[in-house]
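Below is one structure, written out as structure tokens, with a few remarks after it.
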């Protein structure tokens, strides 16, 4: 993961200086960015595409990011997935497959 507190603090300062009051952020994007969110390495095809547990650092970084927003008085609109998700098979499967949905609610929410 590549969350950088100093980089985000500078961004929040810039947002505040430019009168930004609300910022939308994607929590998972499409699950294929800096960390893999879906189980793709399994040899069992029945387990492929299940949502993996989030690493502790991911959650720590998210909390830090939310605290920065609060410090700079910026409201966050947190969205689980970006629009790009509909073009990714694993994301579509979360909609179509109850077991994969369960893995998302267990591990990603």
message = Restricting to segment 16-51, count the residues that are modelled with pLDDT of 75 or more, surrounded by 17 or more Cβ atoms within 10 Å (Cβ to Cβ) and not in a loop (DSSP other than H, G, I, E, B).
response = 1
message = Would you confirm whether or not segment 52-69 contains a residue that is in a helix (DSSP H, G or I), loosely packed, with under 12 Cβ neighbours inside 10 Å, at pLDDT 80 or above and more than 18 Å from the chain's Cα centre (by Cα)?
response = no
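Yes or no, residue by residue, for (1) in contact with a strand residue (DSSP E or B) (Cβ under 6 Å, 6 or more places away or on another chain); (2) within 16 Å of residue 24 (Cα to Cα):
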{"site": "50", "(1), (2)": "no, no"}
{"site": "84", "(1), (2)": "no, yes"}
{"site": "99", "(1), (2)": "no, no"}
{"site": "104", "(1), (2)": "yes, no"}
inquiry  = If I filter segment 85-98 for residues that are within 24 Å of residue 13 (Cβ to Cβ) and touching a residue at least 12 places away in the same chain (Cβ under 8 Å), do I get at least one hit?
reply    = no
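The values are calculated or read from the model by the stated rules, or taken from the named source; none is laboratory data. Predicted model, so just to flag it, every value in this text is computed and none were measured. FYI the Cβ positions are ideal-geometry reconstructions off the backbone, even for glycines, and counts take in every protein chain you see.
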